[in-house]
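Q: Take this structure first; my questions come after.
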Amino acid sequence: MKKLKKTRKKAKRISIGKLKEQADRALQDWYRRHYPNKFCEMCNVSRFYCMHHFITKASSNFLRYDTRNLVFVCKGCHSKFHKFIEPTYPITLRQSRGLEWVEYIEERRYLKKYDNRKELEKLINYYENN
């Protein structure tokens, strides 16, 4: 009779992609907890639905969790952002937030960050516990 090899259980390791999703969710939940009565920056009529990334997450890994890149938007304005129905939104934001903000965003747009597991876990921990 053959002896069976004992197999070690491998620790399940969460992928970087899953950690980013988890950090994104924690960030959105944090803003909903801390700013429940904040209004949309685009229409100033409805309460905000989510934090929209002015420079998309896919375009800039550095600005993905930078609070200056986040915009309070309601559900209607959020879909307009994604469907490019309202092309004036970027112009409106640039005007309302000013030249200093535009320069900050453009300066950091191509920097790399948050591909590190420890940094992502630290972000998740911060947003879930504060």
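Q: Being of a type outside the set (D, E, K, R) and farther than 15 Å from S96 by Cα is the filter here; which residues of region 39-54 pass it?
A: Listed by number, the residues that qualify are V45, S46, F48, Y49, C50, M51, H52, H53.
Q: Here's a follow-up. Across region 51-75, which residue is modelled with the lowest pLDDT among those that are farther than 18 Å from Y126 by Cα and among the basic types (K, R)?
A: K57
Q: How about region 26-130: which helices (runs of 4 or more DSSP H) wholly inside it have at least 3 residues that are of a type outside the set (D, E), touching a residue at least 40 places away in the same chain (Cβ under 8 Å) and open to solvent by less than 30 Å² (accessible area, probe 1.4 Å)?
A: Correct list: 117-129.
The values are calculated or read from the model by the stated rules, or taken from the named source; none is laboratory data. This one's a predicted model, so the numbers in the text were calculated from it and none came from an experiment. Backbone-built Cβ (ideal geometry, glycine too); neighbour counts: all protein chains shown. Just so you know, the surface numbers come from the protein's heavy atoms only, side chains and all, with ligands and any DNA or RNA stripped out. Shrake-Rupley method; radii C 1.70, N 1.55, O 1.52, S 1.80 Å.
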